[in-house]
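J.: My questions all concern the structure below.
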Amino acid sequence: MATAREKATVHSQAARARMMGVKSTLTVADWLDIKARHQGKCAYCGQETELSPDHIHPITRGGENTPENINPACRPCNGSKQDKTLDEWQNGRPAPRLYGRALLNARLKNSAKNTLQ
Ligand SMILES: [Zn+2]
């Protein structure tokens, strides 16, 4: 079940994406599915806490509001990453920091076809 806050977040991000003129298909059901695939943990630090959708490639940088571009992130990680790309955010951080799907996404982010679906 999505919380009221999660629904509001998904809807406001969709509105923001449309305003920015980028593709937006993410639904509340997609978000719950993404969270479940990550076992309810932050994709970046592994914390099991309240999560919000992070755009792996930021909307402000042309990233799409689609399930392939979403990772679940805890508040500190999402707040720290903001509108940075993974490379920019990782810069200067001790490696390895990413794991699982986040790492794969980082490796595949430049490939035209994301085969992880
Ligand atoms: Zn985190």
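J.: Tabulate in residue order the Karplus-calculated ³J(HN,Hα) for the stretch 52-67, using 6.51 cos²θ - 1.76 cosθ + 1.60 with θ = phi - 60°, rounded to whole Hz; enter x for Gly and Pro.
T.: With coefficients 6.51, -1.76 and 1.60, one gets 9, x, 9, 7, 4, 9, x, 4, 5, 10, x, x, 9, 8, 10, x Hz.
J.: Taking the number of other C-beta atoms within 10 Å as the exposure measure, put H55, H11, H38 in order starting with the fewest.
T.: H11, H38, H55
J.: I've got another one for you. Using a 7 Å offset from the Cα along the Cα-to-Cβ direction at both Q47 and S12, what is the distance between the two label points in nm, to one decimal?
T.: 1.9
J.: Further question on the same structure: What span do the alpha-carbon atoms of the stretch 21-74 cover on each of the three principal axes, reported in whole Å from largest to smallest?
T.: 33, 21, 14
J.: By per-residue mean of other Cβ atoms within 10 Å, what is the highest-first order of 40-47, 26-33?
T.: 40-47, 26-33
J.: Could I ask something else about it? Please give every one of the aspartates and glutamates within straight-line cross-link reach of K35, meaning a C-alpha to C-alpha distance under 13 Å, and leave out same-chain neighbours fewer than 8 residues apart.
T.: Hits, sequence-local ones excluded: E6, E48, E50, D54, E68.
Where a number appears in this text, it was derived from the coordinates with a stated rule and is not lab data. The shown structure was predicted, so the numbers you read here are calculated from the model rather than taken from an experiment. With ideal geometry, Cβ positions are generated from the backbone for all residues, glycine too; neighbour counts draw on all protein chains shown.
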